[in-house]
Amino acid sequence: MKLYHHPLSGHAHRARLFLNLLGLPHELIEVDLAKGAHKQAGFLALNPFGQVPVLDDEGTIVTDSTAILVYLARKLKRRDWLPESPEAAAAVQKWLSVAAGQIAYGPCAARLITVFGASFQAAEVIQRAHAILALLEAEFASRRFLVGTVPTIADVALYSYIARAPEGNVDLEPYPSVRSWLERIEALPGFVAFARTPAGLTA
Ligand SMILES: N[C@@H](CCC(=O)N[C@@H](CS)C(=O)NCC(=O)O)C(=O)O
């Protein structure tokens, strides 16, 4: 398998993290976002959205980070990571939507300002980040992982941008249960860290 990625992309880190948690051998291909390689014809043929990550599984092309998580879990028939009961599948999907919604427009956007110079309104996206973190803090007060008692792709999808939220000036100090959950993910066999950038609160 090949994973087209960028080391500072949390979306790409989700896919890379899951490949490693599954113990799947893979080749990492870095896409030079700074030079606009993701908008060149060759890459757009793989992903018309012009975004990383992209998974190439022996010619089967899968784009979008959470779609890659679903693909890998289904391909390996890992019902632990992607359960099949209607209730659990719906719960996982709910958190994948949060990853593409509140996380993308909250902690991810806040970090895009400090790490990549994006032009979002800092106060607005930081406030959004704290809203989802407060909700998660309440969730983790009574459970170890987002769905059930074992990690699922929901946890993988949310991990990267929450772990690096301080780089976007989003303080994790008020969220001890969220920080304990991050540590539980980091203790999983095969865990691979998301690169740290000295920015925001970690500058
Ligand atoms: N929905 C996509 C979003 C991916 C995404 O936003 N990737 C960023 C890097 S973190 C990217 O490639 N941005 C370049 C661009 O949109 O032009 C996914 O989940 O994979």
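Laboratory data are not the source of any read-out in this text; all were calculated from the coordinates shown. Everything quoted here is computed from the prediction, not taken from an experiment. A quick note on method: Cβ atoms are made from the backbone with ideal geometry, for glycine too, and the neighbour counts reach across all protein chains shown.
Can you tell me how the chain classifies by the Cα gyration tensor, rounded, prolate or oblate, using a/c under 1.5 as the rounded cut? In terms of gyration-tensor shape, oblate. Among T66, T149, T114, the largest mean-square fluctuation in a Gaussian network model of the chain, built with springs joining Cα atoms closer than 10 Å, belongs to T149. A straight line joining the Cα centroids of region 109-130 and region 38-98 runs 25 Å. Rounded, prolate or oblate: which fits region 159-200 when a ≥ b ≥ c are the square roots of the eigenvalues of the alpha-carbon gyration tensor, with rounded for a/c under 1.5 and prolate only if a/b beats b/c? In terms of gyration-tensor shape, oblate.
Along the Cα-to-C-beta direction of A138, a point sits 7 Å from the Cα; which residues of region 157-177 have their amide N less than 18 Å from that point? Within reach of a label on A138: 174-177.
Note on H38, H11: ascending count of other Cβ atoms within 10 Å places them as H38, H11, the fewest first.
With the simple model of a label 7 Å out from the Cα in the direction of the Cβ, T149 to T202 spans 3.3 nm. Once a ≥ b ≥ c are taken as the square roots of the eigenvalues of the Cα gyration tensor of region 86-192, is the result rounded (a/c under 1.5), prolate (a/b larger than b/c) or oblate (a/b not larger than b/c)? Prolate is the answer for region 86-192, as a/c is 1.5 or above and a/b outweighs b/c. Taking every alpha-carbon pair under 8 Å whose residues sit at least 6 apart, region 87-203 reaches a relative contact order of 31 percent.
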